[in-house]
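This report concerns only the one structure given below.
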Amino acid sequence: MRIFIFNRRKILIYTFAILFIAIFIFLLYMIFRNDTIFAAEFTSNSIASDELENRIENLNSNNEKIAYLTFDDGPNKIITPQVLDILRKEDVKATFFVIGKYVEEYPEIVKRAYQEGHYIANHGYSHNNDVLYKSEESFINEVRKTDEAIAKAIEKENYNSYVFRFPNGFIAPQYKQKKKKAIELLSKMNYTYID
């Protein structure tokens, strides 16, 4: 018969070790999984060409490794211009998933990102889940209001990104059922979501 005695320090060490291993395994999974994401710009009255639709549908069959750089929750008056400076210096393009209320606060930053060739996508207006998932109408309003703010900032009438990223991510357990309904709403609006 063996008796094991654990003190708080050992429990903490084992907990952190298990957590580290779990994160490491998750990161390996994310690195080696073969998901590809693609975004294209549309206006609200545009129709995707057959060539573009085929390209989107066949992305996962492509053996080429591609990394897509995305940023969430901006624009931020201090950080976003610094990120844009680095991206310009390194000649790298990214997708900015912006929050509508911040687009209205810093339209010049969004306009700069757009003019420098970055893609501007929708991350909701308020980043407030209670508002976003209050009702179907509220969800649709958050998406549309954000695209309207983007359109005004970049001076492009009827801009529509057709790409949405859920605040806090789709896989987060909060509001899971409402997110499933939101996917149906996005589909009806001709949007796709990228997590």
Which entries of Lys101/Lys181; Lys156/Lys176; Lys89/Lys134 show an alpha-carbon separation above 31 angstrom in the structure shown? Lys156/Lys176; Lys89/Lys134
Starting from the Cα-Cα distance between Ala22 and Gln177, subtract it from 0.36 nm times their residue separation and give me the gain in nm to one decimal. 53.2 nm
Under the Karplus relation with 6.51, -1.76 and 1.60 and θ = phi - 60°, whole-Hz ³J(HN,Hα) for the range 177-187, x at Gly and Pro, equal 5, 5, 5, 4, 5, 4, 4, 4, 5, 4, 4
If amide H atoms are built 1.01 Å from N in the plane of the peptide, which residues on other chains or at least 5 residues away come under 5 Å of the amide H of Ile194? Phe164, Arg165, Phe166
Given a Förster radius of 41 Å and the C-beta distance between Glu116 and Arg9 as r, what FRET efficiency does 1/(1 + (r/R0)^6) yield to the nearest 0.05? 0.20
Listed by chain and number, the residues whose amide H is under 5 Å from that of Thr70, excluding neighbours fewer than 5 places away on the same chain and using placed H, are Thr95
Whose amide H sits under 5 Å from the amide H of Ile99, counting only residues 5 or more places off or on another chain, with H placed in the peptide plane? Asp73, Gly74
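Each reported figure results from applying straightforward, stated rules to the coordinates on display, with no laboratory input. No experiment lies behind these values; they were computed from the predicted model shown. In this analysis, Cβ positions are derived from the backbone assuming ideal geometry, glycine residues included, and neighbour counts consider all displayed protein chains.
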